[in-house]
Amino acid sequence: MNYPVPTSSQELIALRQQPVNEELVAVAMAGVINLARSQGISIDELKAEILADDHLLDVVQRQWLSQILHEAWNYLA
């Protein structure tokens, strides 16, 4: 991997400066999962945040992302 997995919210935010590709998305998801776990956030709480209405993703995209995140959560367990 060309990107280290972020260990802080600042490192996650810094990823915004990188060009988006599959590897960056995977690293960002791993960082989000690790940070959530370190803060005692459950997968259900994290999925609820993702499924909350926002202006970036539509409902189908949020559901898809939620499913991918759940799979990654289990994989990284």
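Summary table
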{"read-out": "Separation of the residue 24 and residue 52 label points, Cα + 7 Å toward Cβ, nm", "value": "2.5 nm"}
{"read-out": "The chain: DSSP helices with Cα axial extent of at least 18 Å and average Kyte-Doolittle hydropathy no lower than 0.0", "value": "22-38"}
{"read-out": "Kirkwood hydrodynamic radius of the chain, Cα pairs, Å", "value": "13.0 Å"}
{"read-out": "Spacing of the two label points (7 Å from each Cα toward its C-beta) at residue 39 and residue 75, in nm", "value": "2.3 nm"}
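A short reminder: the numbers here are calculations on the coordinates, not readings from a lab. Remember, it's a predicted structure, so these values are computed and weren't measured experimentally. Methodologically, a virtual Cβ is constructed for each residue, glycine included, from the backbone with ideal geometry; neighbour enumeration extends over all protein chains shown.
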